[in-house]
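Peer 1: Here's a structure for you.
The values are calculated or read from the model by the stated rules, or taken from the named source; none is laboratory data. Since we're looking at a predicted model, the values are computed, not measured. A quick note on method: Cβ atoms are made from the backbone with ideal geometry, for glycine too, and the neighbour counts reach across all protein chains shown. Note: accessible area is taken over every heavy atom of the protein model, side chains too, but ligands, DNA and RNA are not part of it. Shrake-Rupley method; radii C 1.70, N 1.55, O 1.52, S 1.80 Å.
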Amino acid sequence: EKVSVEVLDHLEHLALVDFRDSEGVERLQKAIQFADQLHEVNTEGVEPMDSVVEDRCLYLREDDVTEGNCTKELLENAREKVEEYFVAPAGNIPLPKLGERETFLQGS
């Protein structure tokens, strides 16, 4: 089954992955076919799980800084920050416009 132009465009913006070449589109289609096998699994009567280790208690450690304490120096490297957090760009790869993509996909 072919991946539509709209789905491909949406996935690229979510994953920040460029599927412009035929190899990228083919790999995506194979991944979708592989994941589609999950629809064949009978999950009737199976309760949803919060974790795969629900029968065990997971202990969390305190998240204390034990060395470094160099937050200020690290944030000086940030192109953009909000409070004490790095701000990720909306996308880090140049993506073609939707209209440019249609001609490529018609040949795949």
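Peer 1: Do we find that GLU12 is open to solvent by 90 Å² or more (accessible area, probe 1.4 Å) and not polar (S, T, N, Q) in this structure? Don't jump to the end; show me each part of the working.
Peer 2: On the way: open to solvent by 90 Å² or more (accessible area, probe 1.4 Å): no; not polar (S, T, N, Q): yes.
Criteria not met by GLU12.
Peer 1: Here is a further query. For the range 15-51, how many residues are surrounded by 10 or more Cβ atoms within 10 Å (Cβ to Cβ) and β-branched (Val, Ile, Thr)?
Peer 2: Selection size over the range 15-51: 3.
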